[in-house]
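The values are calculated or read from the model by the stated rules, or taken from the named source; none is laboratory data. No experiment lies behind these values; they were computed from the predicted model shown. Heads up, the Cβs are rebuilt from the backbone with ideal geometry, glycines too, and the neighbour counts pull from every protein chain shown. Heavy atoms of the whole protein, side chains included, go into the accessibility calculation; ligands, DNA and RNA do not. Shrake-Rupley method; radii C 1.70, N 1.55, O 1.52, S 1.80 Å.
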Amino acid sequence: MVRYFELAGQPAVLVTSFVATVVLLAVFPAIPVGGELLDVRNGYGYEEALAALAGYGAEGRHLYAWASATLDTLLPIAYATLLAGIAYRFRPTERLRVLAWLPVALGVLDLGENAQIITMLVQYPDVSAAQVASSSAFTVTKTFAFVACFGYALVLVVLAVVRRLLARRTP
């Protein structure tokens, strides 16, 4: 995995994964499925999930399942690569290189959420309360983990900029 982190931290890969993340974050939530995507909610209950699934209609559920299996598989790969690359490249100490694993774990969690949602979309109307609870837990956990990883990456970038500016001022 060290090679992956080194690759992810290269400037060209950082730029590419940033652009891919921005594009996918703009495109995926805008998929016209006939309602708000479960992925972007801040959790949901059984009745709410069933109402959303019904509201999508058969065509919307099919489109959502396709988009989850394609676009929303690429999205966690893109942002996990971006965040892991930032965490690895801009770590202030060598000991913190282990934190580059957190975005990878986040990406895996997001893929698990996708599998849960695809299953519900395909099995509708035969969706259990336990399945909805599990899917919602994945969604809530993913959201918190994303905010934490993004916040950590943002702090690292700010610290790197400050260090660079200070280095230029020092003779």
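For Val158, the solvent-accessible surface with a 1.4 Å probe is about 80 Å², rounded to the nearest 10. If you sort Thr170, Thr139, Thr81 by accessible surface, 1.4 Å probe, largest first, the order is Thr170, Thr81, Thr139. The alpha carbon centroids of the stretch 89-105 and the stretch 1-42 are separated by 19 Å. For the chain, relative contact order (Cα pairs under 8 Å, six or more residues apart, normalised by length) works out to 29 percent. Placing +1 on the Cβ of every Lys and Arg and -1 on the Cβ of every Asp and Glu, with nothing else charged, gives the stretch 27-111 a dipole about its Cα centre of roughly 560 debye. Projecting the Cα atoms of Thr170, Val155, Gly45 onto the charge dipole of the chain (Cβ charges, centred on the Cα centre) puts Thr170 farthest toward the positive pole. Taking the Cα atoms of the stretch 60-102, the ratio Rg/Rh between the radius of gyration and the Kirkwood radius comes to 1.27.
For the residues Ala80, Ala67, Ala58, a GNM of the chain with alpha-carbon springs under 10 Å puts the largest fluctuation on Ala58.
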